[in-house]
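A quick write-up on the structure given underneath.
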Amino acid sequence: MSLFDAAAFQAETGVSRETLDRLAAYEATLRKWQPKINLVGPSTLPDAWRRHFLDSAQLYPLLPEGARVLVDLGSGAGFPGLVLAIMGVPEVHLVESDSRKCAFLREAARVAGAPVTVHNKRIEAVPPIAADVVTARALAPLNDLLTWAYPFLQDRGAALFPKGQNVADELTDTTKYWKMRTERFDSRTDPTGTILRVSGIARA
C-alpha cells in the first residue's frame, strides 16, 4: 500500500491549507505523546493519516445539515471528535474517562487551535448536552452506543458510528431494544467497514 501522507489526505478531503496545518500539528503531537501513552495501536501510527485522520474526516460530509453541537463518546486520542472540530464543527465535546488521555486531548486541541470541551468523566456521568450529532469510534456494540447516546440526542439529531463487518448482526440485535432509522455508507478507509447514520432513536 502506498504511503498516505498529509498531501494525500488533503487531496482526498479537499480541506484548506490552514486546516491541514492544524491537523498536522495534531498529528505531530500524537507522535510525540504515543511513546508515553498508548493512544493508538502502535502498528497504525505509520499510516496515521489514513487509519485515523481520514477515517475520522470521512464522517464530516455525513453530519446532519446545520449540525453545531457534537458529542464524541470515548474520545481516546481524539478520533473522530477532535478531527471534526478542526474541520469546522462549531461546538465539540470530547468525553473520555482516562485522565492521561484527557491531558493529551487538551494539549492536542491547544496546538491545533480547536475550541473543544474535554469532559474527564465516564459517559454515564456527563450531564446531558443537547447534541445535534453523537459520534463514537471503536468503542462498543451498537446497543451500548445507543444507550449512551440517547440522553444527548433524545428524538433529535443523529449518531454516526463507524462499524466493522459485523454491522448486520449488531443491527439485528439492537432492534430488539431500539426503534431507529438507519443509513449505511461504505467506509473510505476499510473495505469491510460501514458508517452507520442513526436517527429517530427511541426505546422499543
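What to note about this one:
- Note on region 191-204: among residues that are surrounded by fewer than 16 Cβ atoms within 10 Å (Cβ to Cβ) and either in contact with a strand residue (DSSP E or B) (Cβ under 9 Å, 6 or more places away or on another chain) or charged (D, E, K, R) (or both), the one that is nearest to residue 4 (Cα to Cα) is 200.
- Residue within region 162-178 that is surrounded by 14 or more Cβ atoms within 10 Å (Cβ to Cβ), in contact with a helix residue (DSSP H, G or I) (Cβ under 9 Å, 6 or more places away or on another chain) and closer than 19 Å to residue 67 by Cα present: yes
- Residues that are assigned to a strand (DSSP E or B), open to solvent by 40 Å² or more (accessible area, probe 1.4 Å), out of contact with any helix residue (DSSP H, G or I) (no Cβ under 7 Å at 6 or more places or on another chain) and closer than 21 Å to residue 153 by Cβ do not occur anywhere in region 61-70.
- Looking across 45, 54, 84, one residue alone is assigned to a helix (DSSP H, G or I), open to solvent by 20 Å² or more (accessible area, probe 1.4 Å) and within 24 Å of residue 5 (Cβ to Cβ). It is 45.
- Test: residue in region 87-94 that is assigned to a helix (DSSP H, G or I), free of Cβ contacts under 8 Å to residues at least 12 places away in the same chain, closer than 27 Å to residue 154 by Cα and open to solvent by 10 Å² or more (accessible area, probe 1.4 Å): no
The values are calculated or read from the model by the stated rules, or taken from the named source; none is laboratory data. Note that this is a predicted model, so its numbers are computed, not measured. Positions of Cβ are generated from backbone atoms using ideal geometry, with glycine treated the same way; all protein chains shown enter the neighbour counts. Note: areas computed on protein heavy atoms with side chains; ligands, DNA, RNA excluded. Shrake-Rupley method; radii C 1.70, N 1.55, O 1.52, S 1.80 Å.
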